[in-house]
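A.B. asks: I'd like to ask you about the structure that follows.
Just so you know, all these numbers are worked out from the coordinates, no wet-lab data involved. Given the structure is predicted, the values throughout are model-derived calculations rather than measurements. Neighbour counts are summed over all protein chains in view; Cβ atoms, including those assigned to glycine, are modelled from backbone coordinates with ideal geometry.
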Amino acid sequence: MVGVPGRSKGCHTCKKRRVRCDEEKPVCARCTKGGFTCGGYAKALEIRMSTLSVVQDPPASSKAQQTGRKYPARSSDDSTAGQVTQSTALDPPLFPAMSLVAFKEPIHYAYLFDNFVWSSYGSPWLQLSAAGKLGSLPYEACEALSQCTFGMHYAQQDMELHGTIMYGRTVAVLRSGLARGDKQMMAGLLPIMLILMMHSNLTLAYAEGRNHILGMIALLQTCGPEAFQHQPLRSAFSSCRSTLITISLVTQKRSFLEEERWRVLPWARQREMKSNQDTLVDIMSILPGLLEDWATLQHEAPDTAEADMRPFCLRVQSGLQALFMWRHTWDAAHPQAAWERPRSTSTTPSRNTYPPDAKNMLFYETFSLAVEHTLYNALLICMLSLLHLAAAPEDVREYMQSAFINSIGTHQPVDPRLQVSPLLFPGETWDLHGPAVEIALAFEYELANIKHRSESALFWLFPLGLAYKVLEHDIEFRIWIQEMLDVSQGLRNYGRRGNVGFDFYNFFPLPRVDRAETRRGGNRATAHRVGWMYSRWRYSRVQLLPQEAV
């Protein structure tokens, strides 16, 4: 352009005069005719301030290798403006996408503890391991578990691979630690072994999981119960014990954990720290031995007379008695543990109809009480199942009534005419339906209140699995339970997964039992129930109200 510095190709003198230059070289003819000194055509170096960063263009070949693109070759006389324009178009954007590397750890840990089955099972030792408060090795094991969990569920292969590498490194360090043979140091490895077992369960590495379980058994037997008398090892022992007892139930093999020293010594120094859930696990520890003896009786003498079954039934009655004693203590400590409310569309908008026995919602005073009552009902189903397998129906009632009477002892049970509770009383029913319904109702409450809870729940799915097998012939209950599981991403389709779902609970023989007349059967105070309960109270010399108060 004429007279515009930087755009015209004329000499410098003509540019300053703002006249057209004839562009003759080496000097301009117009300047010569006009008596001016031609300034020539040489270009001076210009420095321009810009917000663009200065980028040095690499050779076209190297740039093509880095980005996989083909760049056109440049001539040596390209202008500066052209260089800036082309460089801006071909280089990466000025503001690349923000990296999530800094947030990786919070994200995968948040996802790990969002799995309430694991977080409640591992409370508080799993959270302490993730915070690095139990040492570097538990932290690395927890890091491996959380990265594999997040990587598998969100298809992050690099994170999953990194977690797998950390898992292998942790296993190698764990083996060297076990080889040293120091009991106190070995006891501290229990949380690590639990985390590694959870990792193998996640990745479906059953052979590795079996090795971890055998390692935990060897570690417990080597260290003894005295090594787990202080926190957080005592809580890790409780989690480990619940797992090993469940495995013994599945295999129907007696467990060394039924020995009295394993039920007493870990809490010997702080007996007040033994929870109601731990006491229920003490009772549960005898079940694998009972199942093994029952299987032996069936194998050796399948046609054994009922009289020969009496010693076995008396042992089951003893376990049932201990269970009722626990319930009496629990009722006395928590007289208002639970209550019912009618369902409404505001509280249960997902369904319009419910099974008749679940027409009301069950609420608990605390989340821990719901967990304890659920496990109590699961053990009650197990004990009653064994009695129904080994004895006639009328004998089952006799064994159960004897267990109830013997369980009272120094306890003063509340008169059922005075106690307002939706929960079935100890000894109120001898069928399996009532306890199974209460488990389903309690699970509904637990599922709605599990978020942001720090309480321990050692058996999250075990009670519901037993209840499902009892109620699976009732299509309304089966659909309702499955819908509750589908609310959670971690439990979705759990009941439809074959041997890793509810079919897994076929290990426990659950007989078909006719439903008894109880409140869960539709009548809240039948004459049969009241008459039987009152006769047991009179026999136990418990003060009753006058008959007119009925």
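A.B. asks: Between Ala131 and Ile475, with labels modelled 7 Å along Cα→Cβ, what's the label distance in nm to one decimal, could you check?
C.D. replies: Between Ala131 and Ile475, the simple spin-label model gives 5.1 nm.
A.B. asks: Which ordering of Phe150, Phe404 is given by a fewest-first count of other beta-carbon atoms within 10 Å?
C.D. replies: Going from sparsest to densest Cβ surroundings: Phe150, Phe404.
A.B. asks: Provide the gained length on full extension for the span Leu214 to Ala295, in nm with one decimal, where the gain is 0.36 nm per separating residue minus the Cα-Cα distance.
C.D. replies: Result for the pair: 26.8 nm of gain on full extension.
A.B. asks: Let me ask you something else. Neighbour counts of other C-beta atoms within 10 Å: give me Trp330, Trp339 arranged from fewest to most.
C.D. replies: So the ranking, lowest neighbour count to highest, is Trp339, Trp330.
A.B. asks: I'd like to compare 248-254, 9-15: which one has the highest average count of other Cβ atoms within 10 Å, and what's the full order after that?
C.D. replies: Top of the packing list down: 9-15, 248-254.
A.B. asks: Place the peptides 378-384, 313-319 in order of packing, highest mean first, counting for every residue the other Cβ atoms within 10 Å and averaging per peptide.
C.D. replies: Output ranking for 378-384, 313-319: 378-384, 313-319.
A.B. asks: Which net charge results when you count Lys and Arg as +1 and Asp and Glu as -1 among the other residues whose beta-carbon is under 14 Å from that of Ile165?
C.D. replies: The answer is -3.
A.B. asks: Same structure, new question: Under the Kirkwood approximation for Rh and a Cα-based Rg, what ratio Rg/Rh is obtained for region 101-223?
C.D. replies: With Rh from the inverse mean 1/r over Cα pairs, Rg/Rh is 0.96.
A.B. asks: Once you have the Cα-Cα distance between Glu455 and Ala333, take 0.36 nm times their residue separation minus that, and quote the gain in nm to one decimal.
C.D. replies: 42.1 nm
A.B. asks: Hull surface divided by four, with the convex hull built on the Cα atoms of region 424-466: how many nm²?
C.D. replies: Over every viewing direction, the Cα hull of region 424-466 projects on average to 3.6 nm².
A.B. asks: While we're on this one: Using per-residue counts of other Cβ atoms within 10 Å, averaged over each peptide, order 228-239, 125-136 from highest down.
C.D. replies: Listed from highest to lowest mean packing, they are 228-239, 125-136.
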